[in-house]
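Below is one structure; the comments refer to it alone.
The values are calculated or read from the model by the stated rules, or taken from the named source; none is laboratory data. From a predicted model like this one, the values you see are computed outputs, not experimental measurements. A quick note on method: Cβ atoms are made from the backbone with ideal geometry, for glycine too, and the neighbour counts reach across all protein chains shown. We work out accessible area using only protein heavy atoms, side chains counted, and drop any ligands, DNA or RNA first. Shrake-Rupley method; radii C 1.70, N 1.55, O 1.52, S 1.80 Å.
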Amino acid sequence: MPVRRPSPRAPIPLDFNATTPVLPEAVDAMLPYLSTDFGNPSSGHVYGRRAHAAVEKARAQVAALIGCEAGELVFTSGGTEANNLAIRGLTSPRARRHVVTSSIEHPATARPLDWLAAHGFDVSRVGVDGSGRVSVPALAAELGPQTSLVTVMHSNNETGVLQPIAEIAARARKAGALVHTDAAQSVGKVPVDVHALGVDALSIAGHKLYAPKGVGALFVRKGVALEPLLLGAGHERGLRPGTENVASIVALGVAAKVARKDLAKVARRLVGLRERLWARLAAEIPALVLNGHQTERLPNTLSVRFPRVSGTALLAAAPTIAASTGSACHDGKESAPAVVVAMGVSPEEALGTVRLSLGRSTTQAQVDAAARALGAAWKRLAR
């Protein structure tokens, strides 16, 4: 069943990296667990057994998408909680007090690392090159006998650039460090296999892959010690206490099943639409610049710099487009995107950045209309 499209009079949605609509089949699957099958998964009676079985089915579906065992998956309230649980939970049991990360992490990673730094950890942040990718040799140079954890995002939420996680993990393992990656933007868009990547922990955010907001998961490799952040009963093997969000977990399982089934097909379609959008925008605006790597990026993401205008002003002048200048998790003040500045772009030029992220429902007609609207708005502002 296709994703339901917005009203023709609604702005064209091009901000799917911020969030996605819930798949209709995922909505249908979760409804019984909001009404008739309302049991607590920890209860021993029939209602509880039904809820428990639904959670375990979803666990297997999500595990299949990333190539892990169902027992290696912990359900959380989303990507932020998964990152916090991984970063603090993996480092707490270890005597080592050094962590290596990148300079372009999402606040859901950067802030927990700030917490570690405030509690006696040494945190090394490695920069990126002009294409937005972390240098593996530069990161390897930071590793040492005290390195407990390396955490680098799988793909950047603003530029869509994919990071060399498998290479990073191989270097980290030689140094005896654990490896975590925030794959919130990647899972469901590109192939993600925890064994191929060589990571010990991986974070998932449900609302980035057509499941509801407020649900996510953390993969933790079997045998790796993880200390819980919250104290309570023994839910999720005692790693995440609190009664499970059954309906949303069921929806996440269905979304993972759908993503696994048609991942390659959807990715090919989105790449075609993304490149069509880029070609039409570049034809309208010859000085337009692509942010990030030409090929190593998410199939749906186009981060571009418009010359001589700010991205915020451009989007205000193109009200038929719903897009963003970067992450949706910032405070609303206009400032140069830090991720783009980290790539060596001047703050003045970086202010012209707009992130255009496509989704399952995006059509060719919408792409063409968006290119025309953005091109016309830029010409009005830049003259």
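Taking the Cα centre of the range 151-202 as the origin, how large is its charge dipole in debye, to the nearest 20, when only Lys and Arg (+1) and Asp and Glu (-1) carry charge on their Cβ atoms?
160
Starting from the Kirkwood Rh over alpha-carbon pairs, what translational D in µm² s⁻¹ does the chain have by Stokes-Einstein at 20 °C and 1.002 mPa s? Walk me through the intermediate numbers first.
Details: Rh = 21.5 Å.
The diffusion coefficient I find is 100 µm²/s.
Which sequence of Tyr33, Tyr210 reflects their accessible areas, 1.4 Å probe, from the largest down?
Of Tyr33, Tyr210, the descending order of accessible area is Tyr33, Tyr210.
What residues have an amide H closer than 5 Å to that of Leu178, excluding those fewer than 5 places away on the same chain, when H is modeled at 1.01 Å from N in the peptide plane?
Amide H neighbours of Leu178: Leu149, Val150.
Out of the DSSP beta bridges found with both residues in the chain, what percent are antiparallel (nearest 5)?
The antiparallel fraction comes to roughly 50 percent.
Using a Gaussian network model of the chain with C-alpha springs under 10 Å, which one of Lys261, Lys208, Lys189 is most mobile by mean-square fluctuation?
Fluctuation is largest for Lys261.
Which order do the peptides 300-313, 225-238 come out in when sorted by mean C-beta neighbours inside 10 angstrom, highest first?
300-313, 225-238
Just to check I understand the Karplus step: with θ = phi - 60° and J = 6.51 cos²θ - 1.76 cosθ + 1.60, what whole-Hz values come out for the range 348-353, glycine and proline as x?
5, 6, 4, 4, x, 6
Round to the nearest 10 and report in Å² the accessible area of Arg269, as given by a 1.4 Å probe over the protein chains' heavy atoms.
We get 100 Å² for Arg269.
Go through Leu65, Gly79, Ala118 and say which Cα lies farthest out towards the positive end of the charge dipole of the range 64-185; charges sit on Cβ, +1 for Lys and Arg, -1 for Asp and Glu.
Value: Ala118.
Can you list residues from other chains, or at least 5 along the same chain, whose modelled amide H is less than 5 Å from the amide H of Thr76?
Gly216, Ala217, Leu218
Given axes a ≥ b ≥ c from the Cα gyration tensor, I'd like to know whether the range 1-134 is rounded (a/c under 1.5), prolate (a/b larger than b/c) or oblate.
Because a/c hits 1.5 or more and a/b fails to exceed b/c, the range 1-134 counts as oblate.
Just to make sure I understand: if all protein chains stay in place, what is the order of Thr325, Thr159 by accessible area at 1.4 Å, largest first? Before the final figure, lay out the partial values.
Details: Thr325 50, Thr159 5 Å².
Solvent-accessible surface, decreasing: Thr325, Thr159.
Using a/c under 1.5 as the rounded threshold, could you call the range 49-98 rounded, prolate or oblate? The axes a ≥ b ≥ c are square roots of the C-alpha gyration tensor eigenvalues, and prolate needs a/b larger than b/c, oblate otherwise.
Because a/c hits 1.5 or more and a/b exceeds b/c, the range 49-98 counts as prolate.
Among the lysines, which fall within straight-line cross-link reach of Lys379, defined as a Cα-Cα distance under 21 Å, with same-chain neighbours fewer than 8 residues apart omitted?
Qualifying lysines at Cα under 21 Å: none.
What is the calculated FRET efficiency for Leu290 to Leu230, with r their C-beta to C-beta distance and R₀ = 35 Å, to the nearest 0.05?
Result of the calculation: an efficiency of 0.25.
Would you mind working out the accessible area per residue for the chain, using a 1.4 Å probe, and quoting it in Å²?
41
Compute the distance from the alpha-carbon center of the range 237-297 to that of the range 57-89, in whole Å.
With the range 237-297 and the range 57-89 each reduced to a Cα centre, they are spaced 18 Å.
Can you give the FRET efficiency to the nearest 0.05 for Asp114 and Lys174, using r as the Cβ-Cβ distance and R₀ = 22 Å?
0.20
So who's got an amide H within less than 5 Å of the one on Ile12, skipping anything under 5 residues away but keeping other chains? H placed 1.01 Å off N, in plane.
Placed amide hydrogens put Ile321, Ala322 under 5 Å from Ile12.
Using the Cα centre of the range 226-356 as the reference point, and only Cβ charges (+1 on K/R, -1 on D/E), how large is the resulting charge dipole? Debye, rounded to the nearest 20.
For this selection, approximately 640 debye.
Not counting ligands, DNA or RNA, and with a 1.4 Å probe, what is Val339's accessible surface area in Å² rounded to the nearest 10?
10
Starting from the exponent 0.38 and prefactor 2.2 Å, build the expected Rg for the range 200-270 from its residue count and divide its actual Cα Rg by it.
Compared with the compact-globule rule of thumb, the range 200-270 sits at 1.30.
Taking 0.36 nm per intervening residue step and subtracting the Cα-Cα distance, what contour gain separates Arg276 from Ser135 on full extension?
That works out to 47.8 nm of additional length.
Could you order His293, His45 by accessible surface area, starting with the largest, using a probe radius of 1.4 Å?
His45, His293
Given the options His98, Gly176, Val161, identify the residue whose Cα lies farthest towards the positive end of the charge dipole of the chain (+1 on Cβ of Lys, Arg; -1 on Cβ of Asp, Glu).
Positive-end residue among those listed: Val161.
Note the full-extension length gain between Phe38 and Glu167 as 0.36 nm times their separation in residues minus their Cα-Cα distance, in nm to one decimal.
Answer, rounded to one decimal: 42.0 nm.
How fast does the range 229-301 diffuse by Stokes-Einstein, in µm²/s, taking the Kirkwood radius from C-alpha pairs at 4 °C and 1.567 mPa s? Working shown, then result.
Working: Rh = 16.2 Å.
D = 80 µm²/s.
Rounded to the nearest 0.05, what FRET efficiency is calculated for Glu25 and Arg125 with R0 set to 35 Å and r the Cβ-Cβ distance?
0.30
Which of the pairs Lys174/Lys257; Lys174/Lys261; Lys208/Lys261; Lys57/Lys261; Lys174/Lys222; Lys213/Lys257 have their Cα atoms more than 25 Å apart in this structure?
Cα-Cα > 25 Å for Lys174/Lys257; Lys174/Lys261; rest within.
For the chain, what is the charge dipole size about the Cα centre, in debye to the nearest 20, if Lys and Arg each add +1 at the Cβ and Asp and Glu each add -1 at the Cβ?
Around 780 debye, computed over the chain.
Choose one of Thr151, Ala342, Leu229: the residue whose Cα lies farthest towards the positive end of the charge dipole of the chain (beta-carbon charges +1 Lys, Arg; -1 Asp, Glu; about the Cα centre).
Comparing the listed Cα positions along the dipole, Ala342 ranks first.
Averaged across orientations, what area in nm² does the convex hull of the alpha carbons in the range 241-383 project?
11.0
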